[in-house]
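This report concerns only the one structure given below.
Throughout, read-outs are computed from the coordinates displayed, never taken from laboratory work. What you are looking at is a predicted structure, and each value in this text was computed from that prediction instead of being measured. All Cβ positions, even for glycine, are placed from backbone atoms using ideal geometry, and neighbour counts span all protein chains on display.
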Amino acid sequence: MARENINDLLAFIAVARDRSFTRAAARMGVSQSALSHTIRQLEERLGVRLLTRTTRAVSPTEAGERLLDGIAPHFDEIEAHVDALNALRDKPAGTIRISASDYAISSVLWPKLQKFLPKFPDIKVELILDNALTDIVTERYDAGVRMGEHLAKDMISARIGPDFRFTVVGSPGYFAAHPRPSHPEELVQHRCINYRLQTSGGLWAWEFEKDGRELKIRVDGQLAFSNIFHVLDAAVAGSGLGFVPEEIARDHISAGRLIPALQDWCAYWDGFYLYYPSRRQSSPAFVALVEALRHRA
């Protein structure tokens, strides 16, 4: 088979798996128009339509599904064998792609990577901001980061961060105009800054616990964000009450820019874990990264 035919097939696999020319082009480092031209040429050469294109989505046709199921596993196996050759190198090498939330990246991954990367110059790490519970196998990430309670049962995991808690915070100006809540149920009387979940699209219910009693409160307000740091910024600006990780609010609290509330109801949660499929265990680069990220109390 001609080399260009192999490249065309790899392009098809990327688009079919990503269900998007935009994402596949970005991952492959080519323009969207060039990728679209490649797929059209492949379809013309094979004499069959492989992808159905609409304004909103791209999906494989029946022929496309058959081709994807037939060839993709073989290319995956080739990639795994090539990756395994890194074990013969003097130094661990390779690219590792990790899906993680904004808070996990800033609080756990990036601080540890700053120490890790200079020691392993041949290892590249891509951190993909993802506040949804993405399927890392389908999206072809090497690993993901989640809190312990959300881990998939068929994954290997390693704890990479300590327990942490969310806390309710508001600006001095906000509390000058509104009484500080003494019970979570009083939050419904306040202007709150919501956090929208990317997975379901719904607004996150604020979770509290005290003396074994758990409460989930649906709050209301004019603002909602899908980034927890934007929630923090809005709380500092006096736009309402925010429910954010205590760590990212600590400096604002110490400086008097934020005032915490309901701290006796804010329980600690299980920390972050790196999770990954078993096939990633054989890579020396990945093993070195896991050891560097592992939480040691």
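The trypsin sites (Lys or Arg not before Pro) found in segment 105-202 that occupy coil by DSSP, while having at most 12 further C-beta atoms within 10 Å, are LYS153. Rounded to the nearest whole Hz, the Karplus-based 3J(HN,Hα) values (6.51 cos²θ - 1.76 cosθ + 1.60, θ = phi - 60°) of segment 68-78 follow the sequence 4, 5, x, 9, 4, x, 5, 5, 4, 5, 4, with x at glycine and proline.
Given the alternatives (1) 0.97; (2) 1.02; (3) 1.06, Rg/Rh (Cα atoms, Kirkwood Rh) as computed for this entry is given by (3).
Taken along its three principal axes, the alpha carbon spread of segment 3-85 comes to 41, 25, 22 Å, from the longest extent down to the shortest.
Distances between placed amide hydrogens fall under 5 Å for GLY161 paired with PHE272, HIS295, all partners being 5 or more residues away or on another chain. Shown for the chain: lysine pairs separated by 8 or more places, or found on different chains, whose C-alpha atoms are under 20 Å apart, numbering 6. Considering only beta bridges that DSSP places wholly inside the chain, some 65 percent are antiparallel. Taking amide H atoms as placed 1.01 Å from N in the peptide plane, the amide H of LEU241 lies under 5 Å from those of ARG191, CYS192, ILE193, each 5 or more residues away in sequence or on another chain.
Per-residue packing, averaged as other Cβ atoms within 10 Å, sorts the ranges 267-277, 38-48 into the order 267-277, 38-48, beginning with the highest. Once backbone amide H atoms are built at 1.01 Å from N, ILE96 has LYS124, VAL125, GLU126 as its partners under 5 Å, excluding neighbours fewer than 5 places away on the same chain.
DSSP assigns beta bridges within segment 166-265; of those with both partners inside it, close to 75 percent run antiparallel.
The share of alpha-carbon pairs in segment 166-265 lying farther apart than 19 Å comes to 36%.
As a proxy for reagent exposure, ranking THR22, THR134 by other Cβ atoms within 10 Å from fewest up yields THR22, THR134. Filter the trypsin sites (Lys or Arg not before Pro) in segment 234-297 down to the DSSP loop ones having no more than 11 other Cβ atoms within 10 Å, then list what survives. Here the trypsin sites (Lys or Arg not before Pro) that fit, given the DSSP loop and packing criteria, are ARG296.
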